[in-house]
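The values are calculated or read from the model by the stated rules, or taken from the named source; none is laboratory data. None of these values were measured; they are calculated from a predicted model. A quick note on method: Cβ atoms are made from the backbone with ideal geometry, for glycine too, and the neighbour counts reach across all protein chains shown.
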Amino acid sequence: MSAPLLDRIDALCADGSDADDVLRGVVQALTDEPAVAFAEIRFVEEGRLVAGPSAGAPDEARRHVSAVDYRGGRVGELVVDGELAAAALRHVAEAISTYVLLGWDTGGTTWEP
């Protein structure tokens, strides 16, 4: 994954847009990278993973998955099919964590950042 792509993802996460728009932009940015065939964000809801925004065509033979954690709790997963450095995958998972939290089922508990 290229440094310009990580910069693009960081910029998407920093612009303060709606969580859905940011996450859709991130999966699209990932699949704009020639080495990435598919990207998806999954949310933890009621103890199970639920598919969220995705882009591209799945290629499970080249699948990489990273937990998305917020303050020590798992709120989702980032799935990327393609050639991707583990450090880059973790970077993206950390960058999107706040936005994934907003899509996470808090069980009725008010969320405070």
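Only one of Leu23, Leu49, Leu5 is over 15 Å from Asp81 (Cα atoms) and out of contact with any Asp or Glu (no Cβ under 9 Å at 6 or more places or on another chain). Can you tell me which? Can you show your working first?
On the way: Leu49 fails: out of contact with any Asp or Glu (no Cβ under 9 Å at 6 or more places or on another chain); Leu5 fails: out of contact with any Asp or Glu (no Cβ under 9 Å at 6 or more places or on another chain).
Answer to the check: Leu23.
Only a single item in (1) more than 12 Å from Ser97 (Cα to Cα); (2) surrounded by 14 or more Cβ atoms within 10 Å (Cβ to Cβ); (3) of a type in the set (Ser, Thr, Tyr) is not met by Ser2, and it is number (2). Can you name the residue in segment 41-78 that is in contact (Cβ under 8 Å) with a residue 40 or more places away in the chain and not aromatic (Phe, Trp, Tyr) and, of all such residues, is farthest from Asp10 (Cα to Cα)? Per the criteria, the residue is Glu46.
Selection of first residues in segment 7-19 that are without any contact (Cβ under 8 Å) to a residue 24 or more places away in the chain and of second residues that are among the small types (Gly, Ala, Ser) and part of a helix (DSSP H, G or I), restricted to Cβ pairs under 6 Å at least 6 apart or on distinct chains, gives the following pairs, ordered by first then second residue: Arg8/Ala29; Leu12/Gly25.
Could you run through segment 33-45 and say how many residues are among the acidic types (Asp, Glu) and at pLDDT below 95?
Our first condition is that a residue be among the acidic types (Asp, Glu); within segment 33-45, this holds for 33, 40, 45.
Subset that is at pLDDT below 95: 33, 45.
Qualifying residue count, segment 33-45: 2.
So, of the residues in segment 32-63 that are in contact with a strand residue (DSSP E or B) (Cβ under 8 Å, 6 or more places away or on another chain) and of a type in the set (D, E, K, R), which turns out to be surrounded by the fewest Cβ atoms within 10 Å (Cβ to Cβ)? Filtering first and then ranking leaves Glu60.
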